[in-house]
Amino acid sequence: MPKNPIRKPLVAANWKMNTERAEAAALAKNVVDSIGRQYKVDVVLCPPYIWLHDVGMIIRDSNISLGAQNMHWEDKGAFTGEISSIMLKSIGCKYVIIGHSERRQLFGETDENVNKKLKKALTVVLMPIICLGETLEERESNRTAEIVTNQFRSAFDGISDFGGITIAYEPVWAIGTGRNATPQQAQEVHKILRQMLQNKTAEYENIRILYGGSVKPDNAAELYKQDDIDGFLVGGASLKAGDFAAIVQAAMI
């Protein structure tokens, strides 16, 4: 039983630019064997684009959903190297990650881009996981609330229907660094986001807010105990089926 029965926990695996073809297939199969028949947590695998079909075929008879790591806001056109939402839908994707900090930091993703991608995802009924979070410099300058508030407002500008949307708080300073926010630090930001949602929609209690940032089996349970943490966006730990399964188990508390 989830701690809040309104919001079923969700755990998403972001494999990033990892795995070769055989590795991706083996990892997906191991995840299915470990947790593919449980119903208490929504589980999403987000492999690299090139393995979406392979992974989708492996998980198709399980309770695990397929997601993508990014998308473009146009349906088609001269956008070399990009992938559209309708392409993702046609290959079986149910979820898409939008605005991940690595997209923002390394590839120039802007708040405006995030907003356009979100609007497009909703029009084709892809369930977006919208990422927000501050850098170490911003946290040390006591600007965390300001940064995530501004990112929230920009991302959801013009959005009135929040059905199917998930938010992921991912402090940039905790991603892939081995550092992670304490449960209390994470909850503080999740509470801010919940309050922002309350000001935006009457459905604020139904919207899941995930934590992402060096989530591991040994810290997942304590993080999940926080009132407004509804699951996880998992990076490095999702590349080991056993670790990922343990994190999913932690979200069943």
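The values are calculated or read from the model by the stated rules, or taken from the named source; none is laboratory data. As the structure is a computational prediction, the values presented were derived from the model and not from experiment. As a convention, Cβ positions derive from the backbone with ideal geometry for all residues, glycine included, and neighbour counts pool all protein chains shown.
Within region 62-93, can you find the residues that are of a type in the set (V, I, T) and surrounded by fewer than 18 Cβ atoms within 10 Å (Cβ to Cβ)? Break it down stepwise before answering.
Taking region 62-93 and keeping what is of a type in the set (V, I, T), we get 64, 80, 83, 86, 91.
T80, I86, I91 - these are the residues of region 62-93 that are of a type in the set (V, I, T) and surrounded by fewer than 18 Cβ atoms within 10 Å (Cβ to Cβ).
Considering region 41-55 alone, what residues qualify as being of a type outside the set (A, V, I, L, M, F, W, C) and touching a helix residue (DSSP H, G or I) at 6+ places or on another chain (Cβ under 9 Å)?
Answer for region 41-55, where residues must be of a type outside the set (A, V, I, L, M, F, W, C) and touching a helix residue (DSSP H, G or I) at 6+ places or on another chain (Cβ under 9 Å): P47, P48, Y49, D54.
Starting from region 29-43, keep only residues that are at pLDDT below 95, then list their pairs with residues that are in a loop (DSSP other than H, G, I, E, B) whose Cβ atoms are within a distance under 7 Å, requiring at least 6 positions of separation or different chains.
From region 29-43, the pairs are G36/S62; G36/N63; R37/S62; R37/N63; Q38/N63; Y39/N63; K40/M252.
If we keep just the residues of region 172-193 that are of a type in the set (A, V, I, L, M, F, W, C), in contact with a helix residue (DSSP H, G or I) (Cβ under 7 Å, 6 or more places away or on another chain) and in a helix (DSSP H, G or I), which is farthest from A13 (Cα to Cα)? Before the answer, list the steps.
Just the residues of region 172-193 that are of a type in the set (A, V, I, L, M, F, W, C), to begin with: 172-175, 181, 186, 189, 192-193.
Still in the running and in contact with a helix residue (DSSP H, G or I) (Cβ under 7 Å, 6 or more places away or on another chain): 172-173, 175, 181, 186, 189, 192-193.
If we keep only those that are in a helix (DSSP H, G or I) as well, we get 172-173, 186, 189, 192-193.
Numbers: V172: 17, W173: 19, A186: 19, V189: 22, I192: 25, L193: 22 Å.
Checked region 172-193; the qualifying residue farthest from A13 (Cα to Cα) is I192.
Kindly check whether there is at least one residue in region 239-250 that is closer than 21 Å to I6 by Cα, touching a Leu at 6+ places or on another chain (Cβ under 9 Å) and buried (at least 18 other Cβ atoms within 10 Å of the Cβ). Don't jump to the end; show me each part of the working.
Narrowing region 239-250 to residues closer than 21 Å to I6 by Cα: 247-250.
Keeping just the survivors that are touching a Leu at 6+ places or on another chain (Cβ under 9 Å) gives 250.
Subset that is buried (at least 18 other Cβ atoms within 10 Å of the Cβ): 250.
Yes, the conditions are met somewhere in region 239-250.
I'd like the residue in region 148-187 that is in contact (Cβ under 8 Å) with a residue 60 or more places away in the chain and surrounded by 14 or more Cβ atoms within 10 Å (Cβ to Cβ) and, out of all such residues, is farthest from G212 (Cα to Cα). Write out each step before concluding.
Here is the first cut: in region 148-187, the ones in contact (Cβ under 8 Å) with a residue 60 or more places away in the chain are 166, 168, 170, 172, 175-176.
Within this subset, residues satisfying the condition of being surrounded by 14 or more Cβ atoms within 10 Å (Cβ to Cβ) are 166, 168, 170, 172, 175.
Values: T166: 12, A168: 7, E170: 4, V172: 9, I175: 7 Å.
Out of the qualifying residues, it is T166.
Listed residues G92, G81; which is under 28 Å from I59 (Cα atoms), of a type in the set (G, A, S) and without any contact (Cβ under 8 Å) to a residue 40 or more places away in the chain?
Values: G92 fails: without any contact (Cβ under 8 Å) to a residue 40 or more places away in the chain.
Going through G92, G81 in turn, the sole match is G81.
If W173 satisfies all but one of (1) of a type in the set (F, W, Y); (2) under 22 Å from V114 (Cα atoms); (3) touching a strand residue (DSSP E or B) at 6+ places or on another chain (Cβ under 8 Å), what's the number of the condition it fails?
(3)
Take A68 and tell me if it is within 16 Å of T166 (Cβ to Cβ) and of a type in the set (G, A, S). Talk me through it step by step, then tell me what you get.
Values: within 16 Å of T166 (Cβ to Cβ): yes; of a type in the set (G, A, S): yes.
Yes.
So which residues in region 194-235 are surrounded by fewer than 23 Cβ atoms within 10 Å (Cβ to Cβ), part of a helix (DSSP H, G or I) and among the aliphatic types (A, V, I, L, M), if there are any at all?
M196, L197, A221
Hey, can you tell me all the residues within region 1-28 that are crowded, with 16+ Cβ neighbours inside 10 Å and more than 18 Å from the chain's Cα centre (by Cα)?
Selection gives P2, T19, A24, A25, L27.
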